Amino acid sequence: MARRYIVQTFGCQMNVHDSRRIEEVLHGEGYAPTEDAALADLIVVNTCSVREKAEHKLMSLLGTLRPYKETEREVRIAVAGCVAQQEGERLLKKAPLIDLVLGPDNIPELPRLLRELDGGAPPAVRTEFDLADPQFLVARPRGGGEVTSFVTVMKGCDERCTFCIVPTTRGSERYRPADAIVGEVAEMAAGGVREVTLLGQTVNSWFDPSELEAKPRSKAAPSGSQFADLLRRIAREVPELARLRYTSPHPRHLTDALIAAHAELPLLPRHVHLPVQSGSDRVLKRMSRRYTRRLYAERTAKLKEAAPGLTLSTDIIVGFPGETEEDFEETLSLVREVGFVSAFCFKYSPRPSTPALKLGDDVPEAVKDERLQRLFEVVEGQQRVHLKSLVGTRQEVLVEGPNDASVNRYSGRSGRHEIVHLEAPEGIDPTGQLVEVTIEKAFRHSLLGRMDGATLPERPVRRPRKKLPLLGADA
Ligand code: SAH
Ligand code: F3S
């Protein structure tokens, strides 16, 4: 019988995407997925190290895996992702039950490493970056009726924000050739995917690698990004795609060309997630974000002008070293000024080998908690007002799948990425379709809509796809 594996993913969308590639290389090696960790011959934990808690979660998860190692069967445990990259050999010492430590660039080596373990080799650590010859594993359409999918356009990060461990765990920037990106998007669309999200740590700094010589070297220089051209090319060459998103852009590379692309291309949804981190220039400078509060506000105002109705969400860190009450209030005022409709808000946590370490961690935990709470209240308030303002409007929703097919309940996303729940007319499965919906009610974080089913072709009702149960809570 085929050997079985289970993958547990922590962290960002990049990791979710990497986990899919891990699954694919395992399928190529004859492994089959299982939903039950107790039946797995291989347990892969794909880790995140961007904040402290994620590492703690890994350690407690490894503790819960110990009983599986103590059974009669040979069970292997592999730790992949950013904690693997960051800790390398140290991880084997901390948790001797681990068989493999695998960095994000070493996923293609997994089958060989497993074979070597079978042959009696000791636990192995592979955490080399593929800087000289960057590899981008092709994402295969899954054939399970997936409506949305990710396509990687670049990996690594050269920005080196002082709080962030990503440049250490993911290495320097490497870009994927445009032909490969467009080819993968086209293949996804041909397989039924309607929405593609382009992925990269600073996705809008993308540059075609064949033209890298032309890329401005100076960090202070305005971005020479060719990302807008890439969006235009995808829109032109993959017309069957319904939506094209990207995450996460850096404000420094929100160029005029990218703003113009938002005005031009109906394929781009009217929503952008643009991490700001702080509204205080003093803090932004110490974070080495390379933009001012004013620049952020001006660029986003220009973007909204070019694409009326566009909403923004963001990432914010509270309690960065030296952050005063005044600095924090500037963050609150920027949140109001820009009118973010949602935000991921984090308490600063010192990360190994980051430049901010030398600034200390001088904002007391209680102050961080209090600021986080105040920030949540402002963001939630804005989200509530925004969602309420949509009641009674008509929205185009891309239906992503059933919540409960037995009672015809589905959910999807509006053109501005709001979650919309809807009830489909009897006998109609709108999964994968763009449907017109009238918004009837606003919940805290989502909307309820009524679908006008008359215009839809009928399709047989599909059963909901089963999700792999989690071994532990996600990060
Ligand atoms: N450009 C990346 C950012 C990755 S980190 C992307 O979004 O794809 C994601 C978010 O985690 C950052 O935007 C930041 O808000 C937060 N973060 C990163 N390092 C952190 C730290 N040391 N403490 C708290 N939050 C952090
Ligand atoms: Fe991290 Fe800043 Fe890059 S947040 S991923 S160093 S843009």
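Bear in mind that the values in this text are calculations on the coordinates, not laboratory data. Keep in mind it's a predicted model, so treat the numbers as computed, not measured. Every residue, glycine as well, gets a Cβ built from its backbone with ideal geometry; the counts of neighbours run over all protein chains shown.
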In sequence order, calculated HN-Hα J values of segment 354-359 (Karplus, 6.51, -1.76, 1.60; Hz; x Gly/Pro): 9, x, 5, 3, 6, 7
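What does the C-alpha gyration tensor say about the overall shape of segment 15-155? Classify as rounded when a/c is under 1.5, otherwise prolate if a/b is larger than b/c, or oblate. Provide the component values of the computation, followed by the final result.
On the way: a/c = 1.41, a/b = 1.23, b/c = 1.15.
Since a/c stays below 1.5, the shape of segment 15-155 is classed as rounded.
Leu448: net charge of surrounding residues, Cβ under 9 Å, Lys/Arg +1, Asp/Glu -1, itself excluded? The partial results should precede the final answer.
Details: positive: Lys441, Arg450; negative: Glu423, Glu440.
After counting each charged neighbour, the total is 0.
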How large is the charge dipole for the chain, taken about the Cα centre, if only the Cβ atoms of Lys, Arg (+1) and Asp, Glu (-1) carry charge, to the nearest 20 debye? 440 debye
Using the charge dipole of the chain (Lys, Arg: +1 at Cβ; Asp, Glu: -1 at Cβ; taken about the Cα centre), state which of Leu62, Val16, His271 has its Cα farthest towards the positive end. His271
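With a ≥ b ≥ c the root eigenvalues of the C-alpha gyration tensor of segment 345-459, is it rounded (a/c under 1.5), prolate (a/b larger than b/c) or oblate?
Numbers: a/c = 3.80, a/b = 2.50, b/c = 1.52.
Note, shape of segment 345-459 comes out prolate.
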Relative exposure of Ser349, Ser225, judged by other C-beta atoms within 10 Å (fewest first): Ser349, Ser225
Among Asn204, Leu434, Leu102, whose Cα sits farthest toward the positive end of the charge dipole of the chain (+1 at Cβ of Lys/Arg, -1 at Cβ of Asp/Glu, about the Cα centre)? Asn204
How high is the relative contact order of segment 4-126, in percent, counting Cα pairs under 8 Å that sit 6 or more residues apart? 25 percent
Of Lys93/Lys358; Lys53/Lys358; Lys347/Lys441; Lys69/Lys94; Lys347/Lys388; Lys53/Lys368, which ones are farther than 24 Å apart at the Cα? Lys93/Lys358; Lys347/Lys441; Lys347/Lys388
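Based on DSSP, what percent of beta bridges with both residues in the chain are antiparallel, to the nearest 5?
35 percent
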Karplus-derived 3J(HN,Hα), 6.51/-1.76/1.60, for each residue of segment 375-382, Hz, glycine and proline x: 5, 3, 4, 5, 5, 4, x, 5
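Can you tell me which of 144-155, 359-370 comes out highest on packing, and rank the rest after it, using the mean Cβ neighbours within 10 Å? Mind showing how you got there, number by number?
Details: 144-155: 20.5, 359-370: 13.8.
The packing order, highest mean first, is 144-155, 359-370.
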Could you rank the peptides 129-135, 335-341, 413-419 by their average count of other C-beta atoms within 10 Å per residue, with the highest value first? 413-419, 335-341, 129-135
List every residue whose amide H lies under 5 Å from the amide H of Val151, counting only residues 5 or more places away in sequence or on a different chain, with H placed 1.01 Å from N in the peptide plane. Thr197, Leu198, Leu199
Normalised by the number of residues in the chain, what is the relative contact order in percent for Cα pairs under 8 Å and 6+ residues apart? 11 percent
Can you tell me how the chain classifies by the Cα gyration tensor, rounded, prolate or oblate, using a/c under 1.5 as the rounded cut? rounded
Please report the relative contact order for segment 89-138, taking Cα pairs under 8 Å with a sequence separation of at least 6, and give it as a percent rounded to a whole number. 42 percent
